[in-house]
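Student: Pasting in a structure now, in structure tokens, and then I'll have a few things to ask.
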Amino acid sequence: MPLSELTRMTAVEAVRRLKSRELQPADLIDAALARMDEVEPAVNALPTRCPERARAAAVELARRGGDADSPGWLAGLPVAIKDLLPVRGVRSTQGSPIFADHVPDRSDIVVETLERRGAVVLAKSNTPEFGAGANTFNPVFGKTRNPWNTSLTCGGSSGGSAVALATGEVWLASGSDLGGSLRIPASFCGVVGMRPSPGRVARGPNANQADDLAIEGPMARNVADVALMLDAMAGEAAEDPMSLPLPARPFQDAVRNPVRPARVAYSPDLGFLPVHPEVAAVAEQAARRFEAMGIPVDRAAPDLSDAREIFQTLRAAFFVVDKAELLRTRRDQLKPDVIWNIEKGMALDADTIGRAVRARSALLQRVGRFFRTYDLLLTPAVIVPPFDVDTISVRKVGQVEFDNYIDWLSMTYAVTLTRCASLSLPAGFLADGRPVGLQMVARANGEAGLLSAAALLEEALGLASRVPIDPRPGPVLPPS
């Protein structure tokens, strides 16, 4: 089979052929490496490769096997791992000059789980420094570019993973999400990125193990492949006491046998956000496809109007736990936005944190009541389309100005606070060809229902076959 056909194959199909021995892991490793050689100079998505490790892992997998009875068994499929996660024996930088030469002696639990279930790690995907920001660039590896228009940002912080998928360099890739880092680059690159509920994917060990804002999740070119990767990632781990047991049914069952949602809500702006009008129009047109299935789509949303204050406070506290020691010892090697976030956290007092926790508790109760009526909440995934790769962050949309690098991410970070399962599904394109994603949100621990509805909508929209693509140069375009 030509290498180009292998790289265009879905992950589900590739795994089927690996299981039947029609393909060997080495075939896919070779195909992926050849594709990287073709597209990496234009996009810079996978700056670190580990082919020798991947080939050795494939040989060991054939000798010893693994968790082959798992519904998420990947049978030797090559994957990319976001460079925030340590991979044993592989340069793992977090996009920071502080860790530019760091080679860990242990992998994250996420990586260990994937490898136990037959994944072969082939590359590390680029990320902003410490995952801070929704434009993927760092002083170690530079900028990652959007393949739909290489003058534009791919989003972040899981930008390298999104681009690697959109260009056909790998079949599956890991992402992480605090304020939207799975959903934003998926939207900007025309792929699927899923934020599972906290605990669904065991992670760590790390210094912030009790946190429920930052999670790890799957990215792929279509919903079925995301479900496959979630089956490969999910489950309990003793070192992550927040982790959840595997569900009784594989997540892939929800895609293979989808159940229609009974009632759907759509909000163009969550009631308080500025949104690029063409983005809102594309997202709503996609959401209304449910009406053609006989499913009511109401204009509605839970009250998330205080999400900004809550999230900014809790995120700042997160940065203190995670990075305060680096501020004290390596300040000169931190980017300004990271310094600002840590110092914001260090200036918090107990009363401010307490107010944020109480407000979030009230928000969770409102969201719970909302999901008594609705099975899904749909919104644009991002308030703007992809923009100039040299623009660090969006500072103004319409007449609304943002005073820091994360304010413009409210559409996704408001959902982060809810503990709900969510994903970005390709919804369509602007007139100038920029991709638009639809954010789909289900109740907490509702991954199966979310994947089921996403599979139905994906089929109705007919966009899954639009990737992978070859990188395309294009003009610089503004966010709004």
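The values are calculated or read from the model by the stated rules, or taken from the named source; none is laboratory data. What you see is a predicted model; the values in this text were computed from it and never measured. Cβ: placed from backbone, ideal geometry, glycine included. Neighbour counts: every protein chain shown. The area values use the complete protein model at the heavy-atom level, side chains included, leaving out ligands, DNA and RNA. Shrake-Rupley method; radii C 1.70, N 1.55, O 1.52, S 1.80 Å.
Student: Based on what the data block shows, is Val367 of a type in the set (A, V, I, L, M, F, W, C) and either open to solvent by 50 Å² or more (accessible area, probe 1.4 Å) or under 25 Å from Pro128 (Cα atoms) (or both)?
Tutor: Spelling it out, it is not the case that Val367 is of a type in the set (A, V, I, L, M, F, W, C) and either open to solvent by 50 Å² or more (accessible area, probe 1.4 Å) or under 25 Å from Pro128 (Cα atoms) (or both).
Student: Now for a separate question. I'd like the full set of residues that are touching a Ser or Thr at 6+ places or on another chain (Cβ under 8 Å), under 19 Å from Arg200 (Cβ atoms) and part of a helix (DSSP H, G or I), limited to the range 75-110.
Tutor: Val110
Student: Please pick out the residue among Glu216, Glu278 that is open to solvent by 10 Å² or more (accessible area, probe 1.4 Å), in a strand (DSSP E or B) and either within 30 Å of Thr150 (Cα to Cα) or touching an Asp or Glu at 6+ places or on another chain (Cβ under 7 Å) (or both).
Tutor: One residue alone meets the criteria, Glu216.
Student: Residues being open to solvent by less than 10 Å² (accessible area, probe 1.4 Å), of a type outside the set (Asp, Glu), out of contact with any Asp or Glu (no Cβ under 6 Å at 6 or more places or on another chain) and part of a loop (DSSP other than H, G, I, E, B): count how many of those fall in the range 129-178.
Tutor: Residues in the range 129-178 being open to solvent by less than 10 Å² (accessible area, probe 1.4 Å), of a type outside the set (Asp, Glu), out of contact with any Asp or Glu (no Cβ under 6 Å at 6 or more places or on another chain) and part of a loop (DSSP other than H, G, I, E, B): 15 in total.
Student: Just one of the numbered conditions (1) surrounded by fewer than 21 Cβ atoms within 10 Å (Cβ to Cβ); (2) under 20 Å from Ser157 (Cα atoms); (3) in contact with a strand residue (DSSP E or B) (Cβ under 6 Å, 6 or more places away or on another chain) is not true of Ile29; which one?
Tutor: Looking at each condition in turn, Ile29 falls short on (2).
Student: Please work out which one of (1) within 25 Å of Leu378 (Cβ to Cβ); (2) surrounded by fewer than 20 Cβ atoms within 10 Å (Cβ to Cβ) is the condition Glu325 fails and give its number.
Tutor: (1)
Student: Looking at (1) closer than 30 Å to Glu447 by Cα; (2) in contact (Cβ under 8 Å) with a residue 12 or more places away in the chain, which is the only condition Arg358 fails?
Tutor: That leaves (2) as the condition not met.
Student: Quick test of your reading of the structure: Ser181 fulfils all but one of (1) assigned to a strand (DSSP E or B); (2) open to solvent by 10 Å² or more (accessible area, probe 1.4 Å); (3) not aliphatic (A, V, I, L, M). Name the failing condition by number.
Tutor: Just one mismatch for Ser181, condition (1).
Student: Same structure again: Any residue in the range 344-358 that is under 24 Å from the mean Cα position of the chain (by Cα), buried (at least 16 other Cβ atoms within 10 Å of the Cβ) and modelled with pLDDT of 95 or more?
Tutor: Checked against the condition, which is being under 24 Å from the mean Cα position of the chain (by Cα), buried (at least 16 other Cβ atoms within 10 Å of the Cβ) and modelled with pLDDT of 95 or more, the range 344-358 yields no hits at all.
Yes/no per residue for (1) outside any helix (DSSP H, G or I); (2) in contact with a His (Cβ under 9 Å, 6 or more places away or on another chain); (3) among the small types (Gly, Ala, Ser); (4) farther than 22 Å from Ala280 by Cβ:
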position: Gly368; (1), (2), (3), (4): no, no, yes, yes
position: Ile383; (1), (2), (3), (4): yes, yes, no, no
position: Tyr405; (1), (2), (3), (4): yes, no, no, yes
position: Trp408; (1), (2), (3), (4): no, no, no, no
position: Gln439; (1), (2), (3), (4): yes, no, no, no
position: Ala454; (1), (2), (3), (4): no, no, yes, no
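Student: Would you check if there is a residue in the range 290-311 being in a helix (DSSP H, G or I), open to solvent by 80 Å² or more (accessible area, probe 1.4 Å), closer than 30 Å to Ser96 by Cα and in contact (Cβ under 8 Å) with a residue 12 or more places away in the chain?
Tutor: Checked the range 290-311: at least one residue is in a helix (DSSP H, G or I), open to solvent by 80 Å² or more (accessible area, probe 1.4 Å), closer than 30 Å to Ser96 by Cα and in contact (Cβ under 8 Å) with a residue 12 or more places away in the chain.
Student: In this structure, is Asp105 surrounded by 16 or more Cβ atoms within 10 Å (Cβ to Cβ) and among the acidic types (Asp, Glu)? Let's see the steps before the verdict.
Tutor: Details: surrounded by 16 or more Cβ atoms within 10 Å (Cβ to Cβ): no; among the acidic types (Asp, Glu): yes.
So Asp105 fails the test.
Table: residues versus (1) acidic (Asp, Glu); (2) under 20 Å from Ile215 (Cα atoms); (3) open to solvent by 20 Å² or more (accessible area, probe 1.4 Å).
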site: Ala62; (1), (2), (3): no, no, yes
site: Asp67; (1), (2), (3): yes, no, yes
site: Ser70; (1), (2), (3): no, no, no
site: Leu74; (1), (2), (3): no, no, no
site: Leu77; (1), (2), (3): no, no, no
site: Asp83; (1), (2), (3): yes, yes, no
site: Gly89; (1), (2), (3): no, no, yes
site: Gly95; (1), (2), (3): no, yes, no
site: Asp101; (1), (2), (3): yes, no, yes
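Student: Okay, moving on. Looking at the range 243-260, which of its residues are crowded, with 17+ Cβ neighbours inside 10 Å and in contact with an Asp or Glu (Cβ under 7 Å, 6 or more places away or on another chain)?
Tutor: First, the residues of the range 243-260 that are crowded, with 17+ Cβ neighbours inside 10 Å: 243-244, 247, 250-255, 258.
Ser243, Leu244, Pro250, Phe251, Gln252 - these are the residues of the range 243-260 that are crowded, with 17+ Cβ neighbours inside 10 Å and in contact with an Asp or Glu (Cβ under 7 Å, 6 or more places away or on another chain).
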